[in-house]
Structures are given as C-alpha cells and as structure tokens.
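Engineer: Mind having a look at this structure? Questions to follow.
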Amino acid sequence: MKKLIHLLTSTRITLLLLLAFAASMAVATFVENDHGTATARALVYEAWWFELIMVWMAVNFLMHVRQYRLFSKGKWPVGLFHMAFVIIVLGAGVTRDLPSQVTAFGVPARIVGEAGCPEPARSMDQILADLEPPA
C-alpha cells in the first residue's frame, strides 16, 4: 500500500498530470472556439476526470511540500509555488456550484451581480463598496 501511495504521489505522475491538465485545457480552448463555451464547460471543465486531475495534482503538491521540505531555507519559493496551485484548486472548488457569468462575494460565496449580456466584464458594475458584511 505504501508503494502504491508513493507511486501515485511521485513527481513523475505529477508531471504526467500537469501535461494532461495542459492538454485538456488546450483541447477545451479549441472546442470552445468551434462549439461555444457551454460545450467546452460540459465536455472538459465540468467533467469528473478534469476535477480528478486537479484534486490529484493538489494532493501531490501537498505531499511534495512535506516530502521535500519545501518551506525550508532556500526552498521556500518552490514551496510557495506548490501552495499557490493548491489555493487555486481550492478556489475552483469553492466556486464550482456558482452559475457562469455572475459576480460572487464573501465566504461562503453569495451572488451579488448577474451579467445578462455576452461580455459581462465590460458592462457589469463590479464595485463592491455598497455591500454590507454578512450578519
């Protein structure tokens, strides 16, 4: 069992996962270009295997931080890179259930604005100063 865990969290497997992650995002870009955003989301970004790749990489990065003591003197930039990826995956998990093209705020996230147009970044009021903190 220990050998299996060591194999699944090895740097070689992590490299293969990174390559699969990059390749699947590249394919999703072409799918989105040819068939639209909804198709790319359904086939790639919201697929179980894509989420499995992200979670598996995050677990491997955490294991590498521990195994290689990446926050020791001289290694902390590499450890910071590993932890940044873990935080990105956590953020993806937190926002997973939000619909597309909305602005969310707070923890837990609550929707504070909806786009209602194809280019929300250009026309949406994204100022959060008027919001009251959650009670």
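Read-outs: derived from the displayed coordinates by stated rules, not from any lab. Quantities reported herein were computed from a predicted structural model and do not represent experimental measurements. For neighbour counting, all protein chains shown are included, and Cβ atoms are generated from backbone atoms with ideal geometry for every residue, glycine included.
Engineer: Please sort by residue number the GluC sites (Glu not before Pro) in segment 24-112 whose DSSP state is loop and whose Cβ has at most 13 other Cβ atoms within 10 Å.
Structural biologist: Answer in residue order: Glu46.
Engineer: Based on the Kirkwood radius over alpha-carbon pairs, what value in µm²/s does the Stokes-Einstein equation return for the translational diffusion coefficient of segment 43-102 at 37 °C and 0.692 mPa s?
Structural biologist: Roughly 259 µm²/s, to the nearest whole number.
Engineer: Just tell me, in residue order, which DSSP H segments of the chain are both 24 angstrom or longer along the helix axis (alpha-carbon based) and at least 1.6 in mean Kyte-Doolittle hydropathy.
Structural biologist: Answer set is 76-94.
Engineer: Also: What number results when the radius of gyration of the chain, computed over Cα atoms, is divided by 2.2 N^0.38 Å?
Structural biologist: The value comes to 1.30.
Engineer: Can I ask one more? Just need the relative contact order of the chain here, percent rounded to a whole number, with Cα pairs under 8 Å and 6+ apart.
Structural biologist: Normalised by residue count, the contact order of the chain is 14 percent.
Engineer: Let me ask something additional. With r defined as the distance between the Cβ atoms of Val59 and Thr29 and R0 fixed at 25 Å, what FRET efficiency is calculated, to the nearest 0.05?
Structural biologist: The value I calculate is 0.45.
Engineer: Just subtract the alpha-carbon distance of Leu80 and Trp48 from 0.36 nm times their residue separation and send over the number in nm, one decimal.
Structural biologist: So the extension gain works out to 8.8 nm.
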